[in-house]
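Colleague: Here you go, one structure.
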Amino acid sequence: YIPTRFSEFWNAYPRKVAKAPAEQAYNKKATSPAAEQNIIDALHNVISAQWEHWPADRKQYIPYAATWLNQQRYTDDIRTETNEPEYMYAPISDDTEATDEQKDALAALLAKLNE
C-alpha cells in the first residue's frame, strides 16, 4: 500500500517542524487505507480535544509529527480534561483574587522554602 494523504496530515498538524522525517514515519505507519484514516482521524481528535485549547506558551510541547507517529500516539486515549488545577494554566488578570486553594498551596511552598 502506498499512502496518499500525507499532505492532508501535514497541513493539519499544528507543529510544522521536520517535514521529511514526518513523511517517512507517516509512510511507514499508514500501511493500509484504514490505518491511514485512523491516523488522520486521531490527529483531528487530539487537535480538537487538546492542542487547540492549549495556551500559546504550551504549544512547544506538541511533539514533532515524526515523534507523534513513531510513538504511535495516534492510538492513545485522548483526555479532554486535565488533572491540573485551573490556576496552573489559566491566564491571570490583574483583578483576579487568589482562591483559598491557591493561598494554601503558596503557604505550603513558602514553608518548604523556609525550612
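The values are calculated or read from the model by the stated rules, or taken from the named source; none is laboratory data. As the structure is a prediction and not an experimental result, all values here were calculated from the model. We place every Cβ from the backbone using ideal geometry, glycine too, and count neighbours over all the protein chains shown. Only protein heavy atoms, including side chains, enter the accessible area calculation; ligands, DNA and RNA are left aside. Shrake-Rupley method; radii C 1.70, N 1.55, O 1.52, S 1.80 Å.
Colleague: Name every residue in the range 51-73 that is modelled with pLDDT of 85 or more and farther than 18 Å from K16 by Cβ, in order of residue number.
Modeller: Passing the criteria: Q71, Q72.
Colleague: Would you mind finding the one in P3, P14 that is more than 30 Å from A98 (Cα to Cα), within 12 Å of the chain's Cα centre (by Cα) and not in a helix (DSSP H, G or I)?
Modeller: P14 is the lone residue from the list that is more than 30 Å from A98 (Cα to Cα), within 12 Å of the chain's Cα centre (by Cα) and not in a helix (DSSP H, G or I).
Colleague: Now for a separate question. Can you tell me which residues in the range 32-53 are crowded, with 16+ Cβ neighbours inside 10 Å and acidic (D, E)?
Modeller: Once the filter is applied, which keeps residues that are crowded, with 16+ Cβ neighbours inside 10 Å and acidic (D, E), the range 32-53 yields only E36.
Colleague: Among the residues in the range 81-97, are any among the polar types (S, T, N, Q), at pLDDT 90 or above and open to solvent by 80 Å² or more (accessible area, probe 1.4 Å)?
Modeller: no
Colleague: Shifting gears a bit: Which ones in the range 66-77 are open to solvent by less than 60 Å² (accessible area, probe 1.4 Å) and under 11 Å from the mean Cα position of the chain (by Cα)?
Modeller: Residues of the range 66-77 open to solvent by less than 60 Å² (accessible area, probe 1.4 Å): 66-69, 74.
Within the range 66-77, W68 is the sole residue that qualifies.
Here's the yes/no breakdown for (1) over 10 Å from the mean Cα position of the chain (by Cα); (2) hydroxyl-bearing (S, T, Y); (3) at pLDDT 95 or above; (4) part of a helix (DSSP H, G or I):
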residue	(1), (2), (3), (4)
Y26	yes, yes, yes, yes
E36	yes, no, yes, yes
I39	yes, no, yes, yes
V46	no, no, no, yes
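Colleague: Could you identify the single residue in P14, P21, P3 that is open to solvent by less than 70 Å² (accessible area, probe 1.4 Å) and at pLDDT 95 or above?
Modeller: Values: P14 fails: at pLDDT 95 or above; P3 fails: at pLDDT 95 or above.
Selected residue: P21, the only one of P14, P21, P3 that is open to solvent by less than 70 Å² (accessible area, probe 1.4 Å) and at pLDDT 95 or above.
Colleague: While we're here: Scan A56, A34, A20, A25 and give me the residue that is within 12 Å of P3 (Cα to Cα) and free of Cβ contacts under 8 Å to residues at least 24 places away in the same chain. Write out each step before concluding.
Modeller: Numbers: A56 fails: within 12 Å of P3 (Cα to Cα); A20 fails: within 12 Å of P3 (Cα to Cα); A25 fails: free of Cβ contacts under 8 Å to residues at least 24 places away in the same chain.
Going through A56, A34, A20, A25 in turn, the sole match is A34.
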